[in-house]
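Have a look at the structure below before the remarks.
The values are calculated or read from the model by the stated rules, or taken from the named source; none is laboratory data. None of these values were measured; they are calculated from a predicted model. Note: ideal-geometry Cβ built from the backbone for every residue, glycine included; neighbour counts use all protein chains shown. Remember, those area values only see protein heavy atoms, side chains included, never the ligands or the DNA or RNA. Shrake-Rupley method; radii C 1.70, N 1.55, O 1.52, S 1.80 Å.
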Amino acid sequence: MTTLDDIAVLGGPQLPQRRHLITEVPGPRSRELAARRATALPAGLGSSQPFYVAAAGGGVLVDVDGNSFIDLASGIAVTSVGNSAPRVVEQATAQLQAFTHTCFLVNPYEGYVAVAEQLNRLTPGDHPKRTALFNTGAEAVENAVKYARVATGRPGVVVFDRAYHGRSALTMAMTGKAAPYKSGFGPFPGEVYRAPLPSPFSSHGDEETAREAALDALHELVDIQVGADQIACVVVEPVQGEGGFIVPSEGFLPAVADFARQRGILFVADEVQTGLGRTGRWFASEHEGLVPDLVVSAKALAGGLPLAAVTGRADVMDSVHRGGIGGTYSGNPVACAAALAAIETIEAEGLLERAERLGELMTERLRALAAVDARIGDIRGRGAMVAAEVVVPGTHEPDAGAVAGVIAFAQQAGVVALNAGTRNNVLRFLPPLSISDELLLEGFDVLADAFAASR
Ligand SMILES: *Cc1c(COP(=O)(O)O)cnc(C)c1O
């Protein structure tokens, strides 16, 4: 039997880039860890995959039993530059050796300032901007709302159907899916209002009617029910993440941005999942020429280390009183070094173009699959953020069972894929941008087998 010591603990792109199973999944070492976990961790902490990771890099995850899996998830869009990407490892290591923490609120350091400069440069619009750093997506979304409230002097927040903004009290209220994110955790903060968000698939081919209806509903909510002078911001994901990779109907988001601007409401783009190159642009807002007042980034920002940011109009960001924003760990220096390295990697390795290319490959493969499997009702996404919605053939009725079956089959065959969608009937793909064409296509061969096996 393979022992832990036999397994490379060094990750990064030098790991053999292959799908290779040497035990059942989960293997004996993973099962041992699962048994320890069962007595040490609370039951409510889930993991969608049963194997425990020993190393990762390029396009693979290697488990503690020595099995090598194709990674189509990137730890939910985090390791876009690849796991243990060389620049990230090198620059974060150097920072670890220099100092690990001072608290930016006590002793400041250059890395924080440099990350802010980069995000001010890379986010849409060439107006004066400021960036504040945080630890998690939810924390950054909450702080975006704090900025918007102070800048406008208004309390209300408008969010959309199927939104996912996090698991803190305020962001649970902003999230549009009860199970598992909200069930039992209320009461939630008030002043959060939800509006419909039209998509090509949900509008049954009549996008214009759906878009106009959604804009009418937004007007009814904001102008009639709540009062525009009570609304600080609208917060929207330019491509919905957990909600099922829903790209809003073309023209809807620019119309929402205009609607907000006319009423002094700030337009906040939650780009936690879409930002930093995932969709083939630095920020997904760019696909429709949006220039948000505030942009929230997190997941892919620091190559796997926890870091999040709010970047926004200087006048909005400067409206908050001194000392009003911050946190003990916010903008940790090691995470900042990793973020600078991740941004450098995206630029040096042309990863925006790479995201486009991976998206084309995935879309092509899914179209071929849809041609022989009528359960694939919709294929959508932007760049390397691609999903297939799985339905009862010829209808819009969700088939979550088929998605669960495909994911389970893929896992047993050495491929990691994720679900999404408020009905759990969406297969979503977020490969690291460091994956090779060959490995990606092999992963999609396995998915095709998985669909075939359940037909
Ligand atoms: C993941 C996610 C969040 C929450 O980020 P955490 O780091 O998990 O708190 C918020 N918004 C979107 C769009 C996300 O995908």
Open item on the list: Counting only helical runs of four or more DSSP H residues, what would the 222 nm mean residue ellipticity of the chain come to if each run contributes -39,500 (n - 2.57) and the total is spread over all its residues?
Closed with: -11000 deg cm²/dmol
Task: Cα-based equivalent ellipsoid, the chain: semi-axes from gyration tensor eigenvalues, Å - done: 34, 29, 20
TODO: Using only the Cα atoms of region 16-132, build the gyration tensor, take square roots of its eigenvalues as a ≥ b ≥ c, and label the shape rounded, prolate or oblate: rounded if a/c is under 1.5, else prolate if a/b is larger than b/c, else oblate.
DONE: prolate
TODO: Rounded to the nearest Å, what's the spacing between the alpha carbon centres of region 217-242 and region 290-312? Just the number, please.
DONE: 21 Å
TODO: Just name one of 204, 171, 106: the one whose Cα is farthest towards the positive end of the charge dipole of region 88-348 (beta-carbon charges, Lys/Arg +1, Asp/Glu -1).
DONE: 106
Task: Size of electric dipole in region 114-210: Cβ of Lys, Arg +1 and of Asp, Glu -1, about Cα centre, debye, nearest 20 - done: 420 debye
TODO: Please say if region 140-255 is rounded, prolate or oblate, where rounded means a/c under 1.5 for a ≥ b ≥ c the square roots of the C-alpha gyration tensor eigenvalues, and otherwise the choice is prolate for a/b larger than b/c and oblate otherwise?
DONE: oblate
Task: Sulfur and carbon atoms: percent of accessible area, region 88-348 [1.4 Å] - done: 51 percent
Task: Stretch gain in nm, segment residue 442-residue 203, where the contour uses 0.36 nm per residue and the Cα spacing is subtracted - done: 82.7 nm
Task: Rg to Rh quotient for region 88-348, alpha carbon positions, Kirkwood Rh - done: 0.97
Open item on the list: Just to confirm, what accessible area per residue do you get for the chain at 1.4 Å probe, in whole Å²?
Closed with: 40 Å²
Open item on the list: From the protein chains alone at 1.4 Å, what is the descending order of accessible area for 136, 79, 23, largest first?
Closed with: 136, 23, 79
TODO: Report, for the chain, the % of DSSP beta bridges that are antiparallel, rounded to 5.
DONE: 65 percent
- [ ] Using only the Cα atoms of region 400-454, build the gyration tensor, take square roots of its eigenvalues as a ≥ b ≥ c, and label the shape rounded, prolate or oblate: rounded if a/c is under 1.5, else prolate if a/b is larger than b/c, else oblate.
- [x] oblate
Open item on the list: Given Cβ point charges of +1 (Lys, Arg) and -1 (Asp, Glu) and nothing else, what value in debye, to the nearest 20, does the dipole of the chain about its Cα centre take?
Closed with: 1040 debye
TODO: Can you pull a Stokes-Einstein diffusion coefficient for region 100-184 at 4 °C (1.567 mPa s), Rh from Kirkwood over Cα pairs, as a whole number of µm²/s?
DONE: 85 µm²/s
- [ ] Could you pull out the trypsin sites (Lys or Arg not before Pro) across region 265-368 that fall in loop regions by DSSP (anything but H, G, I, E, B) with no more than 12 other Cβ atoms inside 10 Å?
- [x] 322
- [ ] Nearest 5 is fine: what % of DSSP beta bridges in region 88-348 come out antiparallel, could you say?
- [x] 40 percent
Open item on the list: Let's test the formula: R0 of 56 Å, r as the Cβ-Cβ distance of residue 18 and residue 101. What FRET efficiency results, to the nearest 0.05?
Closed with: 0.90
Open item on the list: For the full complex of protein chains and a 1.4 angstrom probe, list 52, 329, 147 by accessible area with the highest value first.
Closed with: 329, 52, 147
TODO: Calculate, in nm to one decimal, what residue 258 and residue 349 gain on full extension: separation in residues at 0.36 nm each, minus their alpha carbon distance.
DONE: 29.2 nm
Open item on the list: How big is the dipole moment of region 88-348 about its Cα centre under a simple scheme where the beta carbon of each Lys and Arg is +1, that of each Asp and Glu is -1, and everything else is neutral? Debye, nearest 20, please.
Closed with: 800 debye
